[in-house]
Every structure is written in structure tokens, then in C-alpha cells.
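The block underneath contains the structure these notes are about, expressed in C-alpha cells.
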Amino acid sequence: MGATTVRKIWDAMAVADQANDIHDSNLHIQSSQLTVDTALSLHQMAPRLRELCKDIFKKWSNLEDSRFSVETVSGGITNLLLKVSVKEDQENEVSVTVRLYGPNTDYVINRERELQAIKYLSAAGFGAKLLGVFGNGMVQSFINARTLTPADMRKPKLAAEIAKQLRKFHQVDIPGSKEPQLWSDIFKFYENASILHFDNIEKQRKYETISFKEVYGEVIEIKELTSCLDAPVVFSHNDLLSGNLMLNEDEDKLYIIDFEYGSYSYRGFDIGNHFNEYAGYDCDYSLYPSKDEQYHFFRHYLHSDKPHEVSDEELEALYVETNTLMLASHLFWALWALIQAKMSPIDFDYLGYFFLRYNEYKRQKDHCCSLARSYLSICRS
């Protein structure tokens, strides 16, 4: 998505908000036509990043290049995060985060939806403040905190705080359609993933072992089963892995960041997806939280002030909802990985990731589906 398109989207939303008399400090976002080549080394990127920041922040336009420094914050499997620090004068240094979108990520990310949501989430206190947009990324305020690890997420105190913050996140109202997007996104991924061709012979051979007829049948089965659970629809993060959680330990403050995959979806999907991420990129699913660990999370999600007053019925209902929709998380990211295997230049075994996620789905399916059907049978009797 180019900077002009991004700017048009943002202007259209600003006009709509002004018409509705919505106050939001993010309405007047700066934009730039510039892009930054993600294939460059950090040293090669630095001049372009300085030019970008001078273009977006006019007060920096006449500063000497020596006042700018650039360092990598994080290099994930979708985006590249960079910290740009600027010495405005002898006493003051300001830092911003430049997020560079991974090449071809528009195949799996709805940037219009992301920009629609980010200002409302920012106004509600989530993530970094959006400061500017450009041809292939955005500039945000810098969060002085460390990124969590998968092991951090299961620590009882942090798990309770994540649950509390996720509940608040789910209560943010994003204007527009409240229709859940989960299954339409999965079907879109399926459509794109099932028609790929790899020039690499080994990749093509592995790809051809996938039965897309089988995968489609699994998607339909889980969609129909989860529809019976009547799970609440909330604005979901949908990618709550450790890399999207940050902690300032001095202030004891947790941040939920990066809303690229955010959409209206099912509460249990967001929580189940988070639990899947206990496994990390290595997909060690022996780390999936136990029932006791899940109940600890649920208590603080449902009633953070009085977690021990949550009823057994509430806990059981959310347990079934989460562990059934957790299966949809595996299908979502398995199909996503196939598209990335074809489109992304990032050095990551996306094709292997498909099989890790899909095989775990099949391993968990019978138990989780039986749990849901038993629960529904009891509820109906």
C-alpha cells in the first residue's frame, strides 16, 4: 500500500470522525511519500531513515545528520522495527520507532483495517502513539520497555496482568462493522494458499503433499462446531505472542503493541491464540498452558478485581470456548505460513511452519472437539 493510498484512507477517516465530533489526537497524522528498502543493511538504511524523519517531522528538517542515530529494535518474521534517536539540542534527545512492513505483507494484512483501528486503540491507551505514515510503514512513539519472552507469559503475575489488559482491549469500541472477520480471513488465506507454485523443486514437492481438500473440510468442521458455542464477538488482537507484549519493569507497566491482525473476532480465538504462543516460534506445544494455568488467566480476565469470585460455570464455559477456537488459530497461521512461504523474502522456514501448526491442529482436534460436543450436549439437556 503506497503512501498516497494510506493518506487517502486516513483523511477519509478523519473527515468521518470530525463529522461525528470525535476527539482524537491522532487525526492529524503526518505522511510521507518515501519508502525504505527493507533489503538494505542497517548502515545503508540510515541515510534514508534520516531523510524520512526529516520529511515527516518538519522541526527536524534542518538538523545535521550527525544528530540522528539508528538501531534495530526487533527483526520479526513480518516486520522490521527500528529506533531512530534524534538530539534536538544539547540537552534533549527524542526517540521514535520506525516500523517497516515486510515485503508483500498486504497479502495477509489488511492495512486499511489496521489504520482504522490503531487511533482508537491508541486513544484507549494501547500500543505506541501513531505519529506518521509513509510508503511502506509507519512511525510511532518509542516505548521504553523490553519485549517479553514466551517463558515470561506463563509467570502467574504477568499472566494475570496480560489477562487484565486483554479484557480492557476487548472492550474498546472500533467504529464500523462488528461482524467477526475470522472465517472470512481464513477462507481468503485458503484461496490464496491453495493455488501457489514454488520455483524451488524441494519446496514444490513438500507443498504438493498438502491435501487442500482435507484442509478445507477441517475449516468447515471447526467453523460449524464453534458457531454453536455462541462466543462473544470483541475487537481482538489476534496475534498476542510474546513479541507483541512489552514490559517496563521500573514502572511495572505492560504494553500490548502491534495491531496488524486486529479485527472483530471471537473472544475465545484471541485467548486460544495467545495460549498457542506459549510454544514460541519453536512450536514446543508441551508448553501449552495446563488447565490450572488457563483458569488462573480466565479468573483475571473475567474479574480482575475479585478473581476468586469467578464461578465454576464461567470458567468451564470459557475453557471450552478457548480450547475449541484455539484449533482455528492453528488453521489460520498454517494457511498464513503457506502464503508467506511464497511471498516473503525473510529467511524463515514458513513451509515447515505450516506443517508444525497443521500437525498440532490434528493432534489436538479430537480431544478439543469432544470437549466442545460434550459441553454442548450437557447445555442442551
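Worth pointing out:
- Of all residues in region 343-372 being in contact with a Phe, Trp or Tyr (Cβ under 7 Å, 6 or more places away or on another chain) and modelled with pLDDT under 95, the one that is least open to solvent (accessible area, probe 1.4 Å): Ser344
- Qualifying residue in region 146-153 (condition: in contact with an Asp or Glu (Cβ under 6 Å, 6 or more places away or on another chain), open to solvent by 10 Å² or more (accessible area, probe 1.4 Å) and either within 20 Å of Leu241 (Cα to Cα) or part of a loop (DSSP other than H, G, I, E, B) (or both)): no
- Residues (outside any helix (DSSP H, G or I) and of a type in the set (Gly, Ala, Ser)) located in region 316-362: Ser344
- From the list Ser69, Ser74, the one residue that fits, being among the polar types (S, T, N, Q), at pLDDT 95 or above and part of a strand (DSSP E or B), is Ser69.
- Taken together, the residues in region 298-310 that are more than 16 Å from Ala231 (Cβ to Cβ) and open to solvent by less than 10 Å² (accessible area, probe 1.4 Å) amount to 0.
- Selection from region 169-192 of residues that are open to solvent by less than 80 Å² (accessible area, probe 1.4 Å) and under 27 Å from Phe354 (Cβ atoms): Pro180, Gln181, Leu182, Trp183, Ser184, Asp185, Ile186, Phe187, Phe189, Tyr190, Asn192
- Given (1) closer than 27 Å to Tyr278 by Cα; (2) without any contact (Cβ under 8 Å) to a residue 60 or more places away in the chain; (3) surrounded by fewer than 19 Cβ atoms within 10 Å (Cβ to Cβ), index of the condition Thr97 fails: (3)
- Applying the criterion of at least 1 residues that are of a type in the set (S, T, N, Q) and either modelled with pLDDT of 95 or more or buried (at least 19 other Cβ atoms within 10 Å of the Cβ) (or both) to the strands (runs of 3 or more DSSP E) found wholly in region 228-286 leaves 233-236, 245-248, 263-266.
- Flag set for Ile222, criterion: surrounded by 14 or more Cβ atoms within 10 Å (Cβ to Cβ), in a helix (DSSP H, G or I) and aliphatic (A, V, I, L, M).
- Residue in region 118-141 that is touching a residue at least 12 places away in the same chain (Cβ under 8 Å), among the polar types (S, T, N, Q), buried (at least 20 other Cβ atoms within 10 Å of the Cβ) and assigned to a loop (DSSP other than H, G, I, E, B) present: yes
- Pairs, first open to solvent by 70 Å² or more (accessible area, probe 1.4 Å) and of a type in the set (Ser, Thr, Tyr) in region 193-217, second in a loop (DSSP other than H, G, I, E, B) and modelled with pLDDT of 95 or more, C-beta under 9 Å, six or more apart: Tyr216/Ser194
- Checked against (1) out of contact with any strand residue (DSSP E or B) (no Cβ under 7 Å at 6 or more places or on another chain); (2) assigned to a helix (DSSP H, G or I), Leu196 meets all criteria but (2).
- Hits in region 38-54 (condition: within 28 Å of the chain's Cα centre (by Cα), in a helix (DSSP H, G or I) and surrounded by 16 or more Cβ atoms within 10 Å (Cβ to Cβ)): Met45, Ala46, Leu49, Arg50, Leu52, Cys53
- Per the listing Leu115, Leu166, the residue uniquely part of a helix (DSSP H, G or I), at pLDDT 95 or above, of a type outside the set (Gly, Ala, Ser) and surrounded by 15 or more Cβ atoms within 10 Å (Cβ to Cβ) is Leu166.
- Residue ID - nearest to Gln140 (Cα to Cα), chosen from residues in region 69-94 that are open to solvent by less than 20 Å² (accessible area, probe 1.4 Å) and more than 20 Å from the chain's Cα centre (by Cα): Val84
- Pairs with Cβ under 8 Å, 6+ apart, first in region 173-188 and polar (S, T, N, Q), second surrounded by 12 or more Cβ atoms within 10 Å (Cβ to Cβ) and at pLDDT 95 or above: Ser177/Tyr264; Gln181/Ser263; Gln181/Tyr264; Gln181/Ser265
- Region 287-297 - residue that is open to solvent by 20 Å² or more (accessible area, probe 1.4 Å) and in contact with a Phe, Trp or Tyr (Cβ under 8 Å, 6 or more places away or on another chain) and, of those, farthest from Ala231 (Cα to Cα): Leu287
- Verdict on Leu158 being touching a residue at least 60 places away in the same chain (Cβ under 8 Å), open to solvent by less than 60 Å² (accessible area, probe 1.4 Å), more than 22 Å from Ser329 (Cα to Cα) and in a helix (DSSP H, G or I): yes
Table: residues versus (1) in contact with a Cys (Cβ under 8 Å, 6 or more places away or on another chain); (2) under 27 Å from Ser211 (Cα atoms); (3) without any contact (Cβ under 8 Å) to a residue 40 or more places away in the chain.
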| residue | (1), (2), (3) |
| --- | --- |
| Ser286 | no, yes, yes |
| Pro307 | no, no, no |
| Leu318 | no, no, no |
| Leu327 | yes, yes, no |
| His330 | no, yes, no |
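The values are calculated or read from the model by the stated rules, or taken from the named source; none is laboratory data. Every value quoted in this text rests on a predicted model; they were computed, and no experiment measured them. Counting neighbours? That spans all protein chains shown, and the Cβs are built from the backbone with ideal geometry, glycine included. When the accessible area is computed, the model is the full protein with side chains, heavy atoms only, and any ligands, DNA or RNA have been set aside. Shrake-Rupley method; radii C 1.70, N 1.55, O 1.52, S 1.80 Å.
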